[in-house]
1. With r defined as the distance between the Cβ atoms of Arg27 and Asn107 and R0 fixed at 22 Å, what FRET efficiency is calculated, to the nearest 0.05?
2. What is the distance, in nm, between label points placed 7 Å from the Cα along the Cα-to-Cβ direction at Glu88 and at Lys46?
3. Indicate the helices, whole DSSP H runs only, in the chain that combine a mean Kyte-Doolittle hydropathy of 0.5 or more with a Cα extent along their long axis of 18 angstrom or more.
4. Viscosity 0.692 mPa s, temperature 37 °C: give me the Stokes-Einstein translational D for the range 35-113 in µm²/s, with Rh taken as the Kirkwood radius over C-alpha pairs.
5. If packing is taken as the mean number of other Cβ atoms within 10 Å per residue, what is the order of 70-82, 47-59, highest first?
6. Of the beta bridges DSSP finds with both residues in the chain, what % are antiparallel, to the nearest 5?
7. Helix-derived [θ] at 222 nm for the chain: sum -39500 (n - 2.57) over DSSP H runs of at least 4, divide by residue count, nearest 500?
8. What does a probe at Arg78 reach in the range 1-39, counting residues whose amide N is under 17 Å from the point 7 Å along Cα→Cβ?
Amino acid sequence: MLKSIRKKQSIKVIFGNGKVFDTALFRIYYLIDDGKDVRYALSVSKRLGIAVKRNRAKRLIKAAIINRFNFPVSMVVRLKKIDFTYYEAAKELDLFQCYLRNQKLTNSNDKNL
C-alpha cells in the first residue's frame, strides 16, 4: 500500500538514519521497513523551474511509484531535474527497486553465515 510521508519528524529520521541512492534524475534517501507499506515524500527545489513543470514532474514520479514500486521502504525523493518522461522515471525507479532487492538478499545471506 502506498502512503505519503507528511510529518517533518519522519522525514528528518530518513535523512538522518537512511541511506542514499543517486540516479541521473533524482536522489533517493531511504530506510528499509519491515512493514508492507511504501511510504514516500517528494521534494523539488524552486530553482529547477516554474511551478507548472515542477508539479508535472511530481505527478510523473508519483504515478511511477504507484504503478511500479512494491518494495516496503520509506523514501524521500529529491528531484535533480524536471524535464523527463514517465518512462525515464519508471526506469530509474526500477533500478532502485532492483538495487534494494539485491541489497536485501546480500544482507540475508550474511546473517546465514
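1. Details: r = 22 Å, r/R0 = 1.00.
About 0.50, to the nearest 0.05.
2. Result: 2.5 nm between the two label points.
3. Working: long enough: 51-68 (25 Å, -0.44); 86-112 (39 Å, -1.20).
Helices meeting the criterion: none.
4. Values: Rh = 13.8 Å.
Here the translational diffusion coefficient equals 237 µm²/s.
5. Top to bottom by mean Cβ count within 10 Å: 70-82, 47-59.
6. Working: 11 of 19 bridges.
Beta bridges within the chain, antiparallel portion: roughly 60 percent.
7. Working: 3 runs with 55 residues, N = 113.
It comes out at -16500 deg cm²/dmol, rounded to the nearest 500.
8. It comes to 8-31, nothing else.
None of the figures in this text is laboratory data; all of them are computed from the coordinates on show. Since the model is a prediction, treat every value here as computed from it, not as a measurement. All Cβ positions, glycine included, derive from the backbone under ideal geometry; neighbour counts span all protein chains shown.
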